[in-house]
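Below: the structure, in C-alpha cells.
The values are calculated or read from the model by the stated rules, or taken from the named source; none is laboratory data. Since we're looking at a predicted model, the values are computed, not measured. Here the Cβ positions follow ideal geometry from the backbone for every residue, glycine too, while neighbour counts run over all protein chains shown. Calculation scope for accessible area: heavy atoms of the full protein, side chains included, ligands and nucleic acids excluded. Shrake-Rupley method; radii C 1.70, N 1.55, O 1.52, S 1.80 Å.
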Amino acid sequence: VMIKLDKGKDKAKHEIFWVIPVPVTWSPAAQSMLRKACVVAGMITHEFAENIRFVNEAEAATHEMIHDRNFQANKGVKFAVLDCGKDSTDMTFLELVSLSPVRIREIS
C-alpha cells in the first residue's frame, strides 16, 4: 500500500509514504532490515527511508475490514483477528479505540 504525500503536483519517487504489513511476530530489528532492503532495492532513498511505516498483519486486516468491507463497529469493541497460515495460526486481540481516524490497540 502506498499513499502519496500531498506536496504539490510534482511528486518524486522518494516522496511516497509506504505502509508495509509485516507478521505480528516481527521484531523492530527485522523491520529495520526490511527498511534497508527497500532502500537497496531502489523503492526509496536512504534520506527518505523514514517514509516507510510497518503495520502488523492483524492491524492491516482490521483497517481493510473497516474501510473496504464497511464493517460496522463501535468505539470500544474488542475482537480477535486470526491469521491462519500454512504452518501456524496467529491470534491477536484488539480494541477499536477510534473510528475517525481508525486507531486500534492490542489487548491481552
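The residue that is surrounded by the fewest Cβ atoms within 10 Å (Cβ to Cβ), among those in region 31-51 that are modelled with pLDDT of 90 or more and in contact with a strand residue (DSSP E or B) (Cβ under 8 Å, 6 or more places away or on another chain), is LEU34. Can you give me the number of residues within region 13-30 that are touching a strand residue (DSSP E or B) at 6+ places or on another chain (Cβ under 8 Å) and among the charged types (D, E, K, R)? Within region 13-30, residues that are touching a strand residue (DSSP E or B) at 6+ places or on another chain (Cβ under 8 Å) and among the charged types (D, E, K, R) number 1.
Taking region 44-65, which residues are more than 19 Å from SER100 (Cα to Cα) and acidic (Asp, Glu)? Within region 44-65, GLU47, GLU50, GLU57 meet the criteria. Here THR62 meets the list (1) open to solvent by 40 Å² or more (accessible area, probe 1.4 Å); (2) of a type in the set (Val, Ile, Thr); (3) out of contact with any helix residue (DSSP H, G or I) (no Cβ under 8 Å at 6 or more places or on another chain) almost entirely, failing just condition (1). Residue pairs whose Cβ atoms lie under 6 Å apart, sitting 6 or more positions apart in sequence or on different chains, and linking a residue in region 21-32 that is farther than 15 Å from ASP90 by Cα to a partner that is open to solvent by less than 50 Å² (accessible area, probe 1.4 Å) and not in a loop (DSSP other than H, G, I, E, B), are GLN31/PHE54.
Within region 31-66, being among the polar types (S, T, N, Q) and either part of a helix (DSSP H, G or I) or more than 17 Å from GLU106 (Cβ to Cβ) (or both) holds for GLN31, SER32, THR45, ASN51, THR62. Scanning region 8-30 for residues that are open to solvent by 80 Å² or more (accessible area, probe 1.4 Å), part of a helix (DSSP H, G or I) and at pLDDT below 90 returns a single hit, LYS13.
Confirm whether ALA73 is at pLDDT below 85, open to solvent by less than 90 Å² (accessible area, probe 1.4 Å) and over 16 Å from PRO21 (Cα atoms). Yes. So which residues in region 67-105 are assigned to a strand (DSSP E or B) and either in contact with a Pro (Cβ under 9 Å, 6 or more places away or on another chain) or of a type in the set (Gly, Ala, Ser) (or both), if there are any at all? Once the filter is applied, which keeps residues that are assigned to a strand (DSSP E or B) and either in contact with a Pro (Cβ under 9 Å, 6 or more places away or on another chain) or of a type in the set (Gly, Ala, Ser) (or both), region 67-105 yields ALA80, ASP83, ASP90, SER98.
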